[in-house]
Amino acid sequence: MRGITFDIAHLLAGSLVLVSFLQLYQDRLYALLNMFALHAVVLALSVAWQAYVQGAPHLYLTAMIALVFKAIVIPVVLHRIIVRLGIHREIEKVVGVGTAMLLGMGLVALSMVVMLRVTEGAGALAREDLAFALSVVLLGLLMMVTRRNAVGQVVGFMSLENGLVLAATGAKGMPLVVEISIAFSILIAFIVIGIFLFRIRERFDTVDLQALDRFRGERQ
Amino acid sequence: MSAVTAILVVPALAAALLAVLPGYRITARLNMLVALATFLIALSLFFGRPPPGKYLHVDDLNNVFIVLTTFVGFTTSVFSASYIDHELEIGRLTPTFLRFYHAMYQVLMFAMNLALVANNIGVMWVAIELATLTTVMMVGIYRTHEALEAAWKYFILGSVGIALALFGTILIYMAARPSVGEGLDAMVWTMLIERAAGFDPALLNVAFVFLLLGYGTKVGLAPLHAWLPDAHAEGPTPISAVLSGLLLNVALYALLRFKMLLAANPHALAPGPLMVTMGLISAVFAAFMLYRRRDIKRMFAYSSIEHMGIITFAFGMGGPLANFAGLLHMTMHSLTKSAIFFAVGHVAQVKGTQRIADMGGLTVTNPVLGWGLVLGVVAIAGLPPLGIFMSEFLVVTSTFARQPWLAIVLVFAILIGLAGLFLRLNTIAFGEPRGPSAESKASYVPMFAHLAIVFVAGIYMPAELVVWFQNVAKLLG
């Protein structure tokens, strides 16, 4: 497993983490969507490489889903929604860029420490893959909690999910990967339709505390 | 077709049929009929069950869950039929939405049954995802601002939860692969439990942490509970009943399966203390939160968090007695809480609001409904001689024998919760009548049926049932 196969898999999974960081500091929605498309392309390449290495042709299907659905369809649709609904193009964040990056680095370090320690029994490729996948998952979570816009959160969720697909393909011979990636695609499609149908503009930037109280049903 | 496939196929077909049938009276009846049929089929599982397959299996543990789920599913469909009549009258729902609602109801039943009978941890995950999606849509069905916000919040938090659960599932596969072998077998639960002793303990530990956080979000354990009160308060009340009574249990069931895997591995970390901690935090936290509630459905949602905390605590303690108590408490809580939501649904319709401050003197204006609610709250608060008293008593005494300090904290939470509930009940049920008091044309049968079972269970339990629960408790380790 050592040698060029391992290096390429390592490179692609590492790039996925890098692109996650790129998403973390974007402050405009369009740029964020472009970065997400790039994220999906890297994921597709990574999955395709795993399919080739493991000799598992069904994984090519997962790669195709990532490429067509996540890298093309979703960004284009979200782009349209942003225009159509007149959503703010700036991303409102809870913490500054510097803090977010530091937190992100902390999370990556954490996942390396945790995963590399517990996966000593597994193959080198699976180990690295899982460590990177957990980093991507945690960075996605970080993105979701630091963004206030609905679209920003959805992108965070989708990149989190990319990390899961990476983990699932890295686990050699795991069944149901294709089904799970389809289930996730349906989930994401629902979220995107939800944004559009329900016109959730900037769900989490309600600063009107009274509105929030009314929502919680706590006003006397 | 075996009974196991039937409890999946029947709701799935019914969902397709209900989506196209016009006329809400027919669909509401059909919904009831299908739910009843599913319940009867589930009952037949007690008498004979097919051998476990690669995807589906039934054992003593999930049989209890399946019967409970289909039973409450049936009674809720009866309640729902009288509930939606009123919602149509006041125009909160339109016939088109109603069609969607009934179809979704059966999809939810299908998803929960699938999650329960799945013998494959991947299939179980997909089923729980499906159940989440359908409930999200049902919560948002009124399309008010609040309902959409609640649905969105539930959606995002639920998605994060199931994403973490999937990561945990992948790690379990990784842990199983060396000893079970590549491919489908390494996700089949009956294979996993046989070979669990040989799994890599470190991987299992990390996997369980992810599963606990992921499925724990769906159980509504603090501090991951934020979605639960909103989802309960803003959706249609039958959905609140199903959420509290069933879906939380299904998520807990998933957690229990993985707990059994860890327990079967001698080197893995003991899953008990983690569950005990989260359960206790949930119970104490939710008990205090009961005091500041002004919305009746939201209050009972917090009570659900409290009870899920107690149940998780009991299963975390482990051992035959605590597991038995946990199972009993789960059953009693499902029945009581759904009965309370049946009552609350009618109360909110009679009073035209969910605000506690606008309700009062319910036992005077609507005696049957009012006393039904009082009985339900007495039951859920854990007063003797009802069923929840029995189960809480068992949880507390079995804990006292092993960890007295934990038991004291638990008793404290239960008492705080009891006082909080009665404080509000006093406003709602007694005193001067406040707010409008229309006659309710509702059917009280489901509510009183549940309460009757809870009442009888507090006094007498059939020996067969006790033996059955004892077997399951042993199975849980």
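What number goes with the only condition from (1) assigned to a helix (DSSP H, G or I); (2) within 24 Å of A:Asp27 (Cα to Cα); (3) more than 8 Å from chain B (Cβ to nearest Cβ); (4) modelled with pLDDT under 80 that A:Gly194 does not pass?
Of (1) assigned to a helix (DSSP H, G or I); (2) within 24 Å of A:Asp27 (Cα to Cα); (3) more than 8 Å from chain B (Cβ to nearest Cβ); (4) modelled with pLDDT under 80, only one is false for A:Gly194: (3).
If B:Gln106 satisfies all but one of (1) under 25 Å from B:Pro22 (Cβ atoms); (2) free of Cβ contacts under 8 Å to residues at least 40 places away in the same chain, what's the number of the condition it fails?
Against the list (1) under 25 Å from B:Pro22 (Cβ atoms); (2) free of Cβ contacts under 8 Å to residues at least 40 places away in the same chain, B:Gln106 comes up short only on (2).
Please list, ordered by first then second residue, the pairs with beta carbon atoms under 7 Å, 6 or more apart or interchain, first in segment B:137-158 and more than 22 Å from B:Thr94 (Cβ to Cβ) and among the charged types (D, E, K, R), second in a helix (DSSP H, G or I) and at pLDDT below 85.
Note: no pairs meet the criteria.
B:Tyr154 fails exactly one of the following numbered conditions: (1) surrounded by 24 or more Cβ atoms within 10 Å (Cβ to Cβ); (2) closer than 15 Å to B:Gly122 by Cβ; (3) more than 10 Å from chain A (Cβ to nearest Cβ). What is the number of that condition?
So B:Tyr154 meets the others, but not (2).
If we keep just the residues of segment B:119-148 that are surrounded by fewer than 22 Cβ atoms within 10 Å (Cβ to Cβ) and not in a helix (DSSP H, G or I), which is farthest from the other protein chains (Cβ to nearest Cβ)?
Going through the qualifying residues, I end up with B:Thr144.
If I filter segment A:103-122 for residues that are without any contact (Cβ under 8 Å) to a residue 24 or more places away in the chain, over 29 Å from A:Trp49 (Cα atoms), away from every other protein chain (no Cβ under 14 Å) and out of contact with any Asp or Glu (no Cβ under 6 Å at 6 or more places or on another chain), do I get at least one hit? Talk me through it step by step, then tell me what you get.
Just the residues of segment A:103-122 that are without any contact (Cβ under 8 Å) to a residue 24 or more places away in the chain, to begin with: A:105-106, A:109, A:112-122.
After this cut, where a residue has to be over 29 Å from A:Trp49 (Cα atoms) as well, the list is none.
The answer is no; no qualifying residue exists.
Name the residues in segment B:140-154 that are out of contact with any Asp or Glu (no Cβ under 6 Å at 6 or more places or on another chain) and farther than 16 Å from B:Leu213 by Cα, would you?
Result: B:Gly140, B:Ile141, B:Tyr142, B:Arg143, B:Thr144, B:His145, B:Leu148, B:Glu149, B:Ala151, B:Trp152.
With respect to B:Ile170, is the statement that it is touching a Lys or Arg at 6+ places or on another chain (Cβ under 8 Å) and within 10 Å of chain A (Cβ to nearest Cβ) true?
Here the answer is no, as B:Ile170 does not meet what is asked.
Keeping to segment B:280-303, report how many residues are aromatic (Phe, Trp, Tyr) and surrounded by fewer than 20 Cβ atoms within 10 Å (Cβ to Cβ).
3
Scan segment B:162-207 for residues that are over 17 Å from A:Gly173 (Cα atoms) and among the charged types (D, E, K, R) and jot them down.
B:Glu194, B:Arg195, B:Asp200
How many of the residues making up segment B:69-92 are under 14 Å from the mean Cα position of the chain (by Cα) and aliphatic (A, V, I, L, M)?
1
Among the residues of segment B:230-261 satisfying the criterion of being within 14 Å of another protein chain (Cβ to nearest Cβ), more than 20 Å from B:Pro446 (Cβ to Cβ) and more than 14 Å from the chain's Cα centre (by Cα), which is surrounded by the most Cβ atoms within 10 Å (Cβ to Cβ)?
Taking segment B:230-261 first, the residues within 14 Å of another protein chain (Cβ to nearest Cβ) are B:230-235, B:240.
Subsequent filtering for residues that are more than 20 Å from B:Pro446 (Cβ to Cβ) retains B:230-231, B:233-234.
Right, trim to more than 14 Å from the chain's Cα centre (by Cα) and you get B:230, B:233-234.
Details: B:Asp230: 24, B:Ala233: 25, B:Glu234: 29.
For segment B:230-261, the residue satisfying everything is B:Glu234.
If you take the residues in segment B:49-81 that are among the aromatic types (Phe, Trp, Tyr) and closer than 20 Å to B:Lys337 by Cβ, which one is surrounded by the fewest Cβ atoms within 10 Å (Cβ to Cβ)?
B:Phe74
Here are B:Tyr83, B:Tyr101, B:Tyr24: which of them is more than 30 Å from B:Met332 (Cβ to Cβ) and of a type outside the set (A, V, I, L, M)? Please lay out each step first, then the result.
Details: B:Tyr83 fails: more than 30 Å from B:Met332 (Cβ to Cβ); B:Tyr101 fails: more than 30 Å from B:Met332 (Cβ to Cβ).
Unique residue meeting the criteria: B:Tyr24.
Can you find, within segment B:262-274, the residue that is surrounded by the most Cβ atoms within 10 Å (Cβ to Cβ) among those that are closer than 25 Å to B:Ala407 by Cα and touching a residue at least 12 places away in the same chain (Cβ under 8 Å)?
Per the stated criteria, the residue is B:Pro271.
Restricting the search to segment B:179-194, which residues are among the polar types (S, T, N, Q) and free of Cβ contacts under 8 Å to residues at least 40 places away in the same chain?
Matches in segment B:179-194: B:Ser179 only.
Name the residue, out of B:Thr277, B:Thr312, that is away from chain A (no Cβ under 14 Å), surrounded by fewer than 23 Cβ atoms within 10 Å (Cβ to Cβ) and among the polar types (S, T, N, Q).
Exactly one of B:Thr277, B:Thr312 is away from chain A (no Cβ under 14 Å), surrounded by fewer than 23 Cβ atoms within 10 Å (Cβ to Cβ) and among the polar types (S, T, N, Q), namely B:Thr277.
Restricting attention to segment B:415-439, which residues are of a type in the set (Gly, Ala, Ser) and within 27 Å of the chain's Cα centre (by Cα)?
If the condition is that a residue be of a type in the set (Gly, Ala, Ser) and within 27 Å of the chain's Cα centre (by Cα), then B:Gly417, B:Ala419, B:Gly420, B:Ala429 are the ones that fit.
Here are the criteria: (1) of a type outside the set (S, T, N, Q); (2) surrounded by fewer than 23 Cβ atoms within 10 Å (Cβ to Cβ); (3) within 7 Å of chain B (Cβ to nearest Cβ). Tell me which single one A:Arg127 does not satisfy.
(3)
Is at least one residue of segment B:415-437 buried (at least 16 other Cβ atoms within 10 Å of the Cβ), in contact with a His (Cβ under 7 Å, 6 or more places away or on another chain) and in contact (Cβ under 8 Å) with a residue 60 or more places away in the chain?
no
Residues are listed down the side, and each one gets a yes or a no for (1) in contact with a helix residue (DSSP H, G or I) (Cβ under 7 Å, 6 or more places away or on another chain); (2) buried (at least 20 other Cβ atoms within 10 Å of the Cβ); (3) not in a helix (DSSP H, G or I):
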{"position": "B:Gly316", "(1), (2), (3)": "yes, yes, no"}
{"position": "B:Asn323", "(1), (2), (3)": "yes, yes, no"}
{"position": "B:Thr336", "(1), (2), (3)": "yes, yes, no"}
{"position": "B:Phe341", "(1), (2), (3)": "yes, yes, no"}
{"position": "B:Val347", "(1), (2), (3)": "yes, yes, no"}
{"position": "B:Thr363", "(1), (2), (3)": "yes, no, no"}
{"position": "B:Gly382", "(1), (2), (3)": "yes, yes, yes"}
{"position": "B:Pro385", "(1), (2), (3)": "yes, no, yes"}
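For the subset of segment B:82-118 comprising residues that are of a type in the set (Gly, Ala, Ser) and modelled with pLDDT of 90 or more, which member is surrounded by the fewest Cβ atoms within 10 Å (Cβ to Cβ)?
Here the residue is B:Ala103.
The values are calculated or read from the model by the stated rules, or taken from the named source; none is laboratory data. Because the structure is predicted, anything quoted here is derived from the model rather than measured. For neighbour counting, all protein chains shown are included, and Cβ atoms are generated from backbone atoms with ideal geometry for every residue, glycine included.
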